[in-house]
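The values are calculated or read from the model by the stated rules, or taken from the named source; none is laboratory data. Quantities reported herein were computed from a predicted structural model and do not represent experimental measurements. With ideal geometry, Cβ positions are generated from the backbone for all residues, glycine too; neighbour counts draw on all protein chains shown. Ligands, DNA and RNA are stripped out before the accessible areas are found, and what is left, the full protein with its side chains, is counted by its heavy atoms. Shrake-Rupley method; radii C 1.70, N 1.55, O 1.52, S 1.80 Å.
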Amino acid sequence: MSAANLPAASDDVMIRITDLHKHYAKLHALKGVSLTVKRGEVLFVIGPSGCGKSTLLRCINLLEEPAAGTVAVGEDVIHFGPGHRMPSGGVLAKYRTQIGMVFQQFDLFPHMTAIQNVMEGPVTVKGIRRKQAFTLARELLKKVGLSEKENNYPRNLSGGQAQRVAIARALAMQPRVMLFDEVTSALDPELVGEVLGVMFQLAEEGTTMVVVTHEMAFASEVADRIVFMDAGQIVEEGTADDVLLQPRNPRLQSFLARFHHNMGTAPS
Amino acid sequence: MDAIFGANICWLLSRGLHLLNDLAGGHGTYQADFCVVVKHFDALLRGAGITLLYAFGTIVGGLVLGVLCGTAMLSRHKFLTLPFNAYVQFFRCTPLLVQIVWFYYALPMLLGYSLPAWMASGLGLTLYMGAFCAEIFRGGIQSIDRGQWQAARALGMTYLQLMRRVILPQAMRRMIPPFTNQSVLQLKNTSLLYVVAGHDLMYYAAQLTSQTFRPFEFYTTVAMMYFVMLYPATKFAKRLEARVDI
Ligand SMILES: Nc1ncnc2c1ncn2[C@@H]1O[C@H](COP(=O)(O)OP(=O)(O)OP(=O)(O)O)[C@@H](O)[C@H]1O
Ligand SMILES: [Mg+2]
């Protein structure tokens, strides 16, 4: 990025998270996470199971209420901590429209066809006219390669197809940021590629993305930057090559070693 | 009722019963005579009308009450859920018969004036149905996968939007079978009106029996009349279920 060594102008930063804390009862799931994602940047988050990756994503779009810290997306800055309450429903809903999120289990609406799923956000949330939303939804389904499946109900889609519809559904809100939480983990191995293909295309188009994944090969190919989380903290971050090939933190080293061992591959 | 038609039915019924008695090798000496039922059939029909009216009224009333209470029970605020929970548990765990009798005989002691039978029993039936509907509604909403809520929220839907567009359409499909079950029970339960002399089908049967000393004929007929009302209703519910199945 050309402006990389200039001080980040505020409109160059899409997400800024500062000293974020989250508790589940006694469990301290996020222990002061700070993170900045620039416009158009593709950030990957990796780390062992239970380290807080999903929690971090869910705090970014406030599906979870952080205990303390600041979450900022675009111009919206929301503080948490003593004296700061969760914004009201309307404000929260408005805030979330600028963030698209895709989940591990797709979570398509089962009573709606593929195209109705994609139209739902624009029509219900943004109040766009159905005809216009229909055109937009068609375009998006074409983009994720599912033009022929627009009238299928989710139960008649394969996992890979369902996940691509879910991506189209999130894109239909024309969000400024896309969050992906292990979106290929529930898929049969032969279906992973078609979903990663769509994500690759989005990254190429300059979409700002935060991606939680265990697909290390994909991360090394697509990531502008990778952060490694462990036990609710970011312990290392850098470019894909730095993090994956020259890990400094011992916990990251053992994570990657275990990973390559499990996958039967060695770091290239 | 047309006299010849009535006489024919009456003859047919009697023959049928004799035949049954013979087939079963019974030694009953009782001579059934359904002519008396035919003669008083309009009274029974009137009773059936009242029964249907009560069932319909208290089902609708209970449904409205149930949706309101169920919604309150879904709230995060203890001070809202607690009283509604108490109501639901109380009415689910006491016999309807006791409730109706209580509203008719006990409540007047508190109020200082008595409720007419139709109101006491209507109140009991509605509150009873309401308690079950609240539980059905709450359970239906809560049965929807967490992923659906978060996907709808992530799209930026407000609570009302996600309820209307995502949760309720799915939950309603799951509520239909328990709701129809409860409605069938409710129609049967209206027969309890009889204990406070509400003029339902069962009440007329009892009255006519004591006038004519023909319990066999009247109670057999009444059982069949309940069956004729409910069997098509259960069939209809099955069809409805199959249609909304996703
Ligand atoms: N709703 C919840 N209630 C209680 N504890 C939770 C909840 N959600 C997550 N946790 C706990 O918080 C910690 C972080 O969970 P999180 O789901 O963020 O991990 P993760 O890094 O996404 O793991 P995975 O790779 O398995 O998805 C875990 O110990 C988890 O058990
Ligand atoms: Mg996770």
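The share of accessible area on segment B:128-210 that comes from carbon and sulfur is 57 percent, using a 1.4 angstrom probe. Evaluated with a Cβ-only charge set (Lys, Arg +1; Asp, Glu -1), segment A:186-267 carries a dipole of roughly 440 debye about its Cα centre, given to the nearest 20. Partner shielding of A:193-199 amounts to 0, given as the average count of beta-carbon atoms from other chains within 10 Å of each residue beta-carbon.
In this Cβ point-charge picture (+1 for Lys and Arg, -1 for Asp and Glu), segment B:33-245 has a dipole of about 880 debye about its Cα centre.
Be a star and scan segment B:223-243 for residues whose amide nitrogen sits under 15 Å from the point 7 Å along the Cα-to-Cβ vector of B:S143. Hits in segment B:223-243 for B:S143 at 15 Å: B:238, B:241-243.
A Förster radius of 25 Å, combined with the Cβ-Cβ distance separating B:Q211 from B:S14, puts the computed FRET efficiency at roughly 0.80. Chains A and B together bury roughly 1800 Å² of accessible surface, counting both sides and using a 1.4 Å probe on protein heavy atoms. Distance between Cα centroids, segment B:163-190 to segment A:11-85: provide it in whole Å. The distance from the Cα centre of segment B:163-190 to that of segment A:11-85 comes to 41 Å. Dipole of the protein assembly as shown computed with +1 at Lys/Arg Cβ and -1 at Asp/Glu Cβ about the Cα centre; of B:L125, A:S254, B:V101, farthest Cα towards the positive end is B:V101.
A 1.4 Å probe run over the protein chains yields, for segment A:194-239, 35 Å² of accessible area per residue, whole-number rounding.
Amide H to amide H distances under 5 Å link A:M14 with A:V37, A:K38, A:R39, where only residues 5 or more positions off or on other chains count and H is placed in the peptide plane. Annotation note: GluC sites (Glu not before Pro) in segment A:168-268 located in DSSP loop regions with a Cβ neighbour count of at most 13 within 10 Å are A:E205.
An oblate overall shape is assigned to chain A, the ratio a/c of its alpha-carbon gyration tensor axes (a ≥ b ≥ c) being 1.5 or greater and a/b not exceeding b/c. The 3J(HN,Hα) values that the Karplus relation (6.51, -1.76, 1.60; θ = phi - 60°) gives for segment A:198-203 are, in residue order, 5, 5, 4, 4, 4, 4 Hz. Gly and Pro appear as x. For chain B, the Cys residues with no second cysteine's beta carbon closer than 4.7 Å are B:C69, B:C93, B:C133. Within 10 Å of the Cβ of each residue in A:120-127, the mean number of Cβ atoms contributed by other protein chains is 4. Of the solvent-accessible surface of chain A, computed with a 1.4 Å probe and all protein chains present, 50% belongs to carbon and sulfur.
Applied to segment B:204-219, the Karplus parametrisation 6.51 cos²θ - 1.76 cosθ + 1.60 on θ = phi - 60° returns per-residue 3J(HN,Hα) values of 4, 4, 5, 4, 5, 4, 6, 6, 10, 6, 10, x, 4, 5, 6, 6 Hz, with x for Gly and Pro.
Here is the list for segment B:111-150: chymotrypsin sites (Phe, Trp or Tyr not before Pro) lying in DSSP coil, each with at most 16 other C-beta atoms within 10 angstrom of its C-beta, are B:Y113.
Using only Cα coordinates, the Kirkwood hydrodynamic radius of the protein assembly as shown works out to 28.0 Å.
Peptide B:156-163 has a mean of 6 when you count, residue by residue, the C-beta atoms of other protein chains within 10 Å of its C-beta. Modelled spin-label separation between B:L240 and A:S158, with each label point placed 7 Å from Cα along the Cα-to-Cβ direction: 4.0 nm. In the frame of its principal axes, segment B:33-245 has Cα extents of 70, 47, 21 Å, reported largest first. So, R0 is 41 Å and r is the distance between the beta-carbons of A:Q246 and A:K94; what FRET efficiency does that work out to, to 0.05? Computed FRET efficiency for A:Q246 and A:K94: 0.45. Taking each DSSP H run with n ≥ 4 as -39500 (n - 2.57) and averaging over every residue of chain A yields -10500 deg cm²/dmol at 222 nm. Buried on complex formation within segment A:64-96 (loss of at least 30 square angstrom of accessible surface versus the isolated chain, 1.4 Å probe, ligands and nucleic acids ignored): A:A93, A:R96. The peptide list B:53-60, B:189-196, put in order of mean Cβ contacts within 10 Å with the highest first, becomes B:189-196, B:53-60. Scoring B:39-52, A:74-87, A:33-46 by mean Cβ neighbours within 10 Å over their residues and listing the highest first yields A:33-46, B:39-52, A:74-87. Highest mean first, the peptides B:87-95, B:155-163, A:90-98 sorted by other C-beta atoms within 10 Å per residue fall in the order B:155-163, A:90-98, B:87-95.
For segment B:33-245, the solvent-accessible area with a 1.4 angstrom probe is 52 square angstrom per residue. Amide H contacts for A:E236 (H built 1.01 Å from N in the peptide plane; partners 5 or more residues away or on another chain; cut-off under 5 Å): A:F228. For chain B, set up a Gaussian network in which alpha carbons nearer than 10 Å are linked by springs, and say which option among B:G66, B:G122, B:G139 fluctuates the most. Between B:G66, B:G122, B:G139, it is B:G139 that shows the largest mean-square fluctuation.
In chain A, a dipole from Cβ-located charges (positive for Lys and Arg, negative for Asp and Glu) runs towards its positive end, and of A:Q161, A:M112, A:I17 it is A:M112 whose Cα lies farthest in that direction.
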